[in-house]
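Report on the following structure.
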Amino acid sequence: MNNEEDFLQKDSIRDEGNETEDNSMNKLRRKKVTKPHVCSTEVGEMDMSNSNDCMRDSSQILAPPQLSSRMKHIRQAMAKNRLQFVRFEATDLHGVSRSKSIPAHFFQEKVSHGVCMPRGYLEVIPNPKDSEMNRIRATCFNSDIVLMPEVSTFRVLPWADRTARVICDTFTVTGEPLLTSPRYIAKRQLSQLQASGFSLLSAFICDFCIFGVPEFLNSKTISFPASTFLNNHDQPFMQELVDGLYHTGANVESFSSSTRPGQMEICFLPEFGISSADNAFTLRTGVKEVARKYNYISSFFIETGFCNSGILSHSLWDVDRKKNMFCSTSGTEQLTITGKKWLAGLLKHSAALSCLMAPTVSCRKRYSKDSKDLKGSVPTTWGYNDNSCIFNIKCHGEKGTRIENKLGSATANPYLVLAATVAAGLDGLHSSNEVLAGPDESTDFYQAETSEIPLKLEDALVALEEDQCLRQALGETFIRYFVAMKKYELENEEIAAERNKFLEYFI
């Protein structure tokens, strides 16, 4: 394991790819970053290739002829599968799907005009206080919002009879993006990254638990893990889940049993852009629907109160997606200068990141499970090929060098995990531009700021509020709302009640 002194060492290896790296960093210095605009489907949609393309992306805009072609294929799929309903799905702040279903014959009309939904469905504060409402409203908490479908995410659902789904972006009734929308925030950060001359290749690694259905559904009676999963990977349940995810465009690279009976791990194939978060979002709904067919209950929240992990494995590429900017061509297990800058940003903002990536009281216990010290925080660790580190730099395999961000729990919103990781990494790149003036000056960079990870959610909320970089990147409106929501939960829920809530909410 490397500590902060390791991070202070000067990079002794200059790899052959430095010219490409320097070009991208020069672009970062000189390019003015403009505020991105998220369009509705009336203007265009983010493009994705077919569901079998492991490198599909949603960063290109569909021109009207492409949109017309896409709608033609959708109509053909509707007829072929005799679809009756289409779900318009959007993520709430917890990363759980909130949807409205429409009869399939209305789909083309709704593509143009969207589907209305009460805003409170997505922002999830039960009975918010008037003082909180006045402080955090973007337009009005009690108003409707509009779900505008991204037609490139249209998929026939294998686990729902004659039903398809489409992932939606959310807008106010006056046409502005909903500033508290996690997917909008993630798209905005990816646009900032692209404007800086880079793209992100990423994949989520998610744990979840499978339980037998008890007679009564609460935290005391869910105590029957499907222990056969520990040694038997040929369960029809997992086969149907993985095959179903494939047909919804979420490609599973591998799956295995994890450390506890009934606990499973799914690794998705890396993809560029927003697709990795879309895949994790799809898993949340797909696993519970398939589980019920087999008389199981699935949950991302373990009955003991410890959350399953949710790891974001990612690497930074040039904007043309031809070169991994973390990867040294010298054959040594070293991050490039660009990679070290990115890692510096993650280390600097780790306290605030942890608030978004471990957003409940119980799931923060995993930070201290290996520590005998009862301090209020734990150090941020990083290392090469060390699974015990919070930021694990993996240099082996065909994927090339990548960083595993292990701050997250499986209950975290994948869009917020993606957005916050990009925001912190970009700050690392922007904050140390001067080191590129000469190789000897790179020593200054390795004196990277690090922050310890608070064990209490209350302290993590303070760290998030005080992190000016993340406040600016994610937006003041979102930060105020997220903090108010979490404070409300802390004031109104005991640990046992939280456990009941999440066992029911995340299944």
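The values are calculated or read from the model by the stated rules, or taken from the named source; none is laboratory data. This one's a predicted model, so the numbers in the text were calculated from it and none came from an experiment. These area figures cover heavy atoms from the full protein model, side chains too; ligands, DNA and RNA do not enter into them. Shrake-Rupley method; radii C 1.70, N 1.55, O 1.52, S 1.80 Å.
Could you sort Lys487, Lys80, Lys406 by their accessible area in this structure, using a 1.4 Å probe and putting the largest first? Mind dumping the intermediate values first?
Details: Lys487 80, Lys80 170, Lys406 35 Å².
Descending accessible area places them as Lys80, Lys487, Lys406.
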Worksheet item: Amide H to amide H, which residues 5 or more places from Ser309 or on other chains are under 5 Å from it, using H placed in the peptide plane?
Response: Asp207, Ala410
